[in-house]
Amino acid sequence: MAKTSVDSFLIHVPSNTKPGVKTTQRIQVVTKHNKESTGAENGKDCLNTVDIVAVDPQNESRVVSAIRATDLGNGVAGLSLVAVHSDCCGNGVGRRLVEHGERFVATSPEFIHCRHIVVKTRPDMLGYYKDLGYLSRDNVSGKPDNPYCLMHKMIFRGPPAFNYKL
């Protein structure tokens, strides 16, 4: 049975009624834990996958952003299917959801052995992921009509080192 948890974060969005003014909106994040079979019987060789979806709290059927975290094995977790609704682009929703996915992988018992996160992305998104701390793993790969780049980031566990008061 899939386990589900709910969290939320705030974003600043342009006001519908006041041009040039931003309002604060709470985005609800729903995390659903799944197991994907790799073909083996009786649940063996299953991948842990977690779908993280940001929904509009006023209209829970409206998905604003989504991401999937998958345990790829060998100490690697993958973030994939990163998507942001066109109405919310540029408001930080995607960035916050990627950060939420990273935090989930770093703190979840299902991903405890993972030491790296990899992202497969379009070449035009390299700057976006570099700003989030990802490093490029290789040059552009794939077919000419569907190029991609692999990027990676180390996972750090435990409390931040500089939060201590002297």
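The values are calculated or read from the model by the stated rules, or taken from the named source; none is laboratory data. Predicted model only: the values in this text are computed from it and were never measured. With ideal geometry, Cβ positions are generated from the backbone for all residues, glycine too; neighbour counts draw on all protein chains shown. Surface accessibility is based on the protein's heavy atoms, side chains included, excluding ligands, DNA and RNA. Shrake-Rupley method; radii C 1.70, N 1.55, O 1.52, S 1.80 Å.
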Among chymotrypsin sites (Phe, Trp or Tyr not before Pro) in the range 56-157, those in a DSSP loop whose Cβ has at most 12 other Cβ atoms within 10 Å are Phe156
Give the calculated FRET efficiency between Tyr148 and Glu60 to the nearest 0.05, with a Förster radius of 41 Å applied to their Cβ-Cβ distance.
0.80
Taking 0.36 nm per residue of separation between Asn139 and Ala106 and subtracting their Cα-Cα distance, the length gained on full extension comes to 9.2 nm
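Using the structure shown, select from Lys120/Lys143; Lys130/Lys153; Lys32/Lys130 the pairs with a Cα to Cα distance greater than 20 angstrom.
Result: Lys32/Lys130 exceed 20 Å.
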Scattering from the C-alpha atoms of the range 64-127 alone, worked out with Debye: what is log10 I(q)/I(0) at q = 0.13, 0.16, 0.17 1/Å?
-0.36, -0.54, -0.60
Can you send over the solvent-accessible area of Asp124, 1.4 Å probe, protein chains only, in Å² to the nearest 10?
110 Å²
Which order do you get for Val119, Val82, Val76 if you rank them by accessible area with a 1.4 Å probe, largest at the top?
Val82, Val76, Val119
How much accessible surface does Arg95 have with a 1.4 Å probe, in Å² rounded to 10?
80 Å²
